[in-house]
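Working notes for the structure below.
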Amino acid sequence: RRRGVDPAAPPPVTRVVGVDDQPTMRAAFRTILEAAGHEVVGEAGDGDEALDVSERHAPDVVLRDVRMPGRDGLSATAAIVGRRPDAKVVVLTTFDLDEYVTGALDAGASGFLRKNARPEELVTAVERVADGDAVLDPAVTRRLIEHLGVAAGAAARSADRDLDRLTEREKDVLALICEGCTNAEIAERLGVGAATSKTHVSRVITKLGVRDRVQAVIRAYEVGFAPVTRRPG
């Protein structure tokens, strides 16, 4: 359920475009998402078609494979985000190779999951990115951090300076972001209102000089930030 929605109201419907060169995978996306109450408004079998379908149907979320015929998944992701900045892209792949993770994030993807993710994980990822969060598979996060060589060099020193800009409460928030908490969960854990939680998250992202929550997690790990949540107050 998305934040700010009356708990008594029906869950909001997320409009999704499913992109994969295998019809069976597109059918699986549709079955899983429609069973969860969302609407699959279009499908595409290659990168160029994905761009056209996304422009025609204006989805909330594009769920797509990274390796595709024609325009590859990464360049298509960059084109979709470039033309429709409000569209969120979740990248799904059987490959958790580092270049695909970093490439997807650089291209503007809001989520990265492997195709063997459980159906409920897929639904949660779509809902969370539609709600403004970012999602990165924990196993992929570990691989990405290892690939980046997170503990050394000038990048780490720069990240350390960025971390020093955070207040203690903002470090609490960053710790919860690293745990994968949504804004609503952060509000509940810290005993603050939803608006305050959202403000804290925005300030953390701004002070760290990153684009989104996923990059905030990467920046935190660059300096060996140990997410230990303190008690509210």
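The values are calculated or read from the model by the stated rules, or taken from the named source; none is laboratory data. For clarity, every value in this text was computed on a predicted model and none was experimentally measured. So basically every Cβ, Gly included, is an ideal-geometry build from the backbone, and we count neighbours across all protein chains shown. For accessibility, only protein heavy atoms count, side chains too; no ligands or nucleic acids. Shrake-Rupley method; radii C 1.70, N 1.55, O 1.52, S 1.80 Å.
Just give me the residues in region 126-137 being closer than 15 Å to Ile177 by Cα and outside any loop (DSSP other than H, G, I, E, B), in sequence order.
If the condition is that a residue be closer than 15 Å to Ile177 by Cα and outside any loop (DSSP other than H, G, I, E, B), then Arg128, Val129, Val135, Leu136 are the ones that fit.
Looking at region 172-191, which of the residues that are open to solvent by 40 Å² or more (accessible area, probe 1.4 Å) and free of Cβ contacts under 8 Å to residues at least 60 places away in the same chain is farthest from Asp131 (Cα to Cα)?
Only one residue tops the list, namely Gly191.
In this structure, is Glu99 farther than 30 Å from Phe29 by Cα and either open to solvent by less than 20 Å² (accessible area, probe 1.4 Å) or at pLDDT below 75 (or both)?
No, not satisfied.
Phe112 versus (1) in contact with a Ser or Thr (Cβ under 9 Å, 6 or more places away or on another chain); (2) part of a helix (DSSP H, G or I); (3) more than 22 Å from Val13 (Cβ to Cβ): which is the lone unmet condition?
The number of the failed condition is (2).
Select, from Ala36, Ala27, the only residue that is of a type in the set (A, V, I, L, M, F, W, C), under 13 Å from Val123 (Cα atoms) and open to solvent by 10 Å² or more (accessible area, probe 1.4 Å).
Ala36
Hey, does region 62-79 have a residue that's part of a helix (DSSP H, G or I), touching a residue at least 24 places away in the same chain (Cβ under 8 Å), open to solvent by 20 Å² or more (accessible area, probe 1.4 Å) and closer than 16 Å to Asp212 by Cα?
yes
Does region 40-61 contain any residue that is in contact (Cβ under 8 Å) with a residue 40 or more places away in the chain, closer than 20 Å to Gly108 by Cβ, open to solvent by less than 20 Å² (accessible area, probe 1.4 Å) and not in a loop (DSSP other than H, G, I, E, B)?
Among the residues of region 40-61, at least one is in contact (Cβ under 8 Å) with a residue 40 or more places away in the chain, closer than 20 Å to Gly108 by Cβ, open to solvent by less than 20 Å² (accessible area, probe 1.4 Å) and not in a loop (DSSP other than H, G, I, E, B), which makes the answer yes.
Which one is nearest to Leu63 (Cα to Cα), of the residues in region 106-126 that are crowded, with 24+ Cβ neighbours inside 10 Å and hydrophobic (A, V, I, L, M, F, W, C)?
Ranking the qualifying residues of region 106-126, first place goes to Val126.
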